[in-house]
Amino acid sequence: QKEVEQNSGPLSVPEGAIASLNCTYSDRGSQSFFWYRQYSGKSPELIMSIYSNGDKEDGRFTAQLNKASQYVSLLIRDSQPSDSATYLCAVTASNSGYALNFGKGTSLLVTP
Amino acid sequence: GAVVSQHPSWVICKSGTSVKIECRSLDFQATTMFWYRQFPKQSLMLMATSNEGSKATYEQGVEKDKFLINHASLTLSTLTVTSAHPEDSSFYICSAFGQGEYEQYFGPGTRLTVT
């Protein structure tokens, strides 16, 4: 069973702070990594994708990937109350085409 | 990003009846679509991979005779929950790759309640 692990939280940060979300995965053959944001009752929304080691920045979001450590993270700078949601880490399964294995998600609460 | 739609957005049905959920790619062709299920407070679990023009590939533990998938065109995949029971009540979400992309985009989901 290929696992994707996330701390369920809730992670509480004040408005304007940096939120740091972490994810580890067990499938060494995984090649693609994604962060999705999911608001309660809604479907996931793609925030970031990362495919190679290092950092990838997009606006207030930075994804970091370390394949040797099987670790991927998401940093949210200048956190806003509207960022409050569950953040899902997803990893492609090496033996299932491009299907995604999801972590259980980290609940983020940004307080005004 | 690519746009994926689902219909209906929510449905209530009686135990023993069948329900069909449609997933459409609106501005691109999708040879492969995925169907996920999400129970409350849990993450998304892949149910099956839907391939245009061929049989779907089901994940272990998912009954293919209960969850019928038809991917009859490059823009439409359907999931039919047959003989639904209350334990099938869940949030069903489809996804597809944007054309030429490696990123999956999700439909808005269908909330199924079986009474």
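The values are calculated or read from the model by the stated rules, or taken from the named source; none is laboratory data. Computed from a predicted structure; not experimentally measured. When we count neighbours, we look across all protein chains shown, and the Cβ atoms used for this are built from the backbone with ideal geometry, even at glycine. Note: areas computed on protein heavy atoms with side chains; ligands, DNA, RNA excluded. Shrake-Rupley method; radii C 1.70, N 1.55, O 1.52, S 1.80 Å.
The table below gives the values:
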| quantity | calculated |
| --- | --- |
| Residue count, region A:72-97 (criterion: surrounded by fewer than 15 Cβ atoms within 10 Å (Cβ to Cβ) and either within 29 Å of B:TRP35 (Cβ to Cβ) or within 14 Å of chain B (Cβ to nearest Cβ) (or both)) | 3 |
| Odd one out for A:MET48 among (1) in a loop (DSSP other than H, G, I, E, B); (2) within 14 Å of chain B (Cβ to nearest Cβ); (3) closer than 24 Å to A:LYS2 by Cα | (1) |
| Test for A:SER79: is it part of a loop (DSSP other than H, G, I, E, B), touching a strand residue (DSSP E or B) at 6+ places or on another chain (Cβ under 7 Å) and over 26 Å from B:MET45 (Cα atoms) | yes |
| When residues of region A:98-112 are limited to those that are farther than 30 Å from B:ALA56 by Cβ and not aliphatic (A, V, I, L, M), the one farthest from the other protein chains (Cβ to nearest Cβ) | A:PRO112 |
| Test result for A:GLY29, assigned to a loop (DSSP other than H, G, I, E, B), open to solvent by 10 Å² or more (accessible area, probe 1.4 Å) and more than 14 Å from every other protein chain (Cβ to nearest Cβ) | yes |
| One residue from A:ALA93, A:ALA99 being of a type outside the set (D, E, K, R) and in contact (Cβ under 8 Å) with a residue 12 or more places away in the chain | A:ALA93 |
| Matching option when the condition is of a type outside the set (Ser, Thr, Tyr), out of contact with any Leu (no Cβ under 9 Å at 6 or more places or on another chain) and farther than 18 Å from B:TRP10 by Cβ, among B:LEU74, B:LEU46, B:LEU68 | B:LEU74 |
| Test: B:ALA30 is farther than 22 Å from A:LYS2 by Cβ, open to solvent by 20 Å² or more (accessible area, probe 1.4 Å) and at pLDDT below 90 | no |
| Among residues of region A:51-63, those that are in a strand (DSSP E or B) and open to solvent by less than 60 Å² (accessible area, probe 1.4 Å), counted | 4 |
| Residue match in region B:82-92 (condition: at pLDDT 95 or above, more than 14 Å from chain A (Cβ to nearest Cβ) and either crowded, with 20+ Cβ neighbours inside 10 Å or at positive phi (or both)) | yes |
